[in-house]
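So the structure is just underneath, and the comments pick up after that.
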Amino acid sequence: MKDSFYSKKKEGQRLVQSENYPKSISVFLHDSKKLYKQILQFKSYSHMIEAGCMNIGFALDCAIDKNISYYGVDPVSDLIQDFTNRLTLLNKSKKIHIKLLCGDIVQIKSLIKEDLKQISKGIVIFPFNSFGNLSSPEDALFEISKCGLDVAIFTYNTDLSSTQIRYKYYKNCSFNNLIQTQDVKGILFSSDEGLHSYSYNKKFLTELLEQNGFDVQVRHFAQLGILYIGHVDKRVHNE
Ligand SMILES: C[S@@+](CC[C@H](N)C(=O)[O-])C[C@H]1O[C@@H](n2cnc3c(N)ncnc32)[C@H](O)[C@@H]1O
């Protein structure tokens with residue numbers, strides 16, 4: 001995926017430059033960190049899989065704090081390479097078991113392969129609306145559920161004020177032909193460069209999670225943030 005919108009030298013990088021963040025987006029990221037901790041405290045997870053880790057690893061420090069294994073997944077190869085180099089420099093991989101994997105989260109089963117057997121309790125975390133960037137959220141949730149993993153989706157509300165904050169955020173990134181559309185699933189922002197970012201309607205996402213065997217909890221945070229936590233009912237795929 002060398003020419004991906006999110007590659008190191010491409011325009012998608014503007015989405016993770018703090019000078020482009022309206023205040024509420026900075027608060028969203030700050031509060032997300034507190035919530036990663038709370039999620040990990042709530043159940044005794046042995047593994048965290050971060051989907052859309054970029055070269056950053058938004059939730060990595062929480063995994064280190066809790067001393068659990070961390071898998072970072074992103075389809076953009078140069079981001080995974082850069083993250084790998086940074087981890088070596090920071091010496092972080094000595095603290096916990098870390099694996100960085102280049103691929104689509106929809107391929108989770110083949111990405112994690114044998115390791116899946118060792119996961120006693122695992123959770124897939126989607127930070128900073130990486131879920132809204134998936135090409136098929138339906139397939140991703142189906143595959144995650146099939147692996148018996150819980151899920152935590154950090155995304156945005158679809159009300160007017162949240163959408164206005166998103167507009168300002170993407171506008172600050174100077175994308176060309178920024179277009180906002182709405183359909184039964186939610187609100188999509190797209191641009192000529194390749195931005196394709198959904199925030200899903202609460203009803204749509206809750207039902208999708210439930211259809212895939214997740215017991216859903218919803219929490220609002222920051223001004224525009226919404227967190228969906230799905231605890232998987234492993235019986236769904238054993239029947
Ligand atoms: C962290 S999100 C940032 C989204 C942005 N903040 C927004 O408002 O839409 C971007 C990352 O998600 C990753 N991503 C997109 N689709 C993915 C997938 N199917 N599996 C894993 N990561 C994915 C991208 O490659 C990118 O590195």
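Since every read-out is calculated from the coordinates, none of them should be taken as a lab result. Because the structure is predicted, anything quoted here is derived from the model rather than measured. Cβ coordinates were reconstructed from backbone atoms using ideal geometry, including for glycine residues, and neighbour counts include every protein chain displayed.
In this structure the amide hydrogen of residue 156, modeled in the peptide plane, comes within under 5 Å of the amide hydrogens of 200, 226, none closer than 5 places in sequence on its chain.
Annotation: extensible slack from residue 178 through residue 117 equals 17.6 nm (criterion: 0.36 nm per residue apart, minus Cα-Cα distance).
Less than 5 angstrom separates the built amide H of residue 71 from those of 48, 49, 50, 99, all sequence-distant by 5 or more or on a different chain.
Rg of the Cα atoms in the chain, relative to 2.2 N^0.38 Å, amounts to 0.96. Modelled this way, with points 7 Å down the Cα-to-C-beta line, the labels at residue 82 and residue 203 are 4.0 nm from one another. Dipole magnitude for the range 118-214: about 300 debye, using +1 per Lys or Arg Cβ and -1 per Asp or Glu Cβ, origin at the Cα centre. Calculated from the alpha-carbon coordinates, the range 12-70 shows an Rg and a Dmax of 12.7, 36 Å respectively.
Taking square-rooted eigenvalues a ≥ b ≥ c of the alpha carbon gyration tensor, is the range 78-143 rounded, prolate or oblate, where a/c under 1.5 means rounded and, failing that, a/b exceeding b/c means prolate? Cα axes put the range 78-143 in the oblate bin. For the range 64-112, the Stokes-Einstein estimate of translational diffusion at 10 °C and a viscosity of 1.306 mPa s comes to 139 µm²/s, using the Kirkwood hydrodynamic radius over alpha-carbon pairs. The alpha carbon centroids of the range 21-88 and the range 144-159 are separated by 14 Å.
Both radii were evaluated on the Cα set of the range 134-239; the Rg over Rh quotient, with Rh as the Kirkwood radius, amounts to 1.03. Here the chain is assigned +1 on the Cβ of each Lys and Arg and -1 on the Cβ of each Asp and Glu. Its dipole about the Cα centre then comes out at about 760 debye. Projecting the Cα atoms of 179, 57, 107 onto the dipole axis of the chain, where Lys and Arg carry +1 and Asp and Glu carry -1 at the beta carbon, places 57 farthest toward the positive end. Were the residues from residue 42 through residue 185 laid out at 0.36 nm apart, the gain over their Cα-Cα distance would be 48.5 nm.
For the range 110-181, the alpha carbon convex hull comes to 124 Å³ per residue, rounded to a whole number.
Taking a 29 Å limit on the Cα-Cα distance, which of the listed pairs 43/168; 99/234; 23/109; 146/202 fall beyond it? Where the Cα-Cα span goes over 29 Å, the pairs concerned are 43/168; 23/109.
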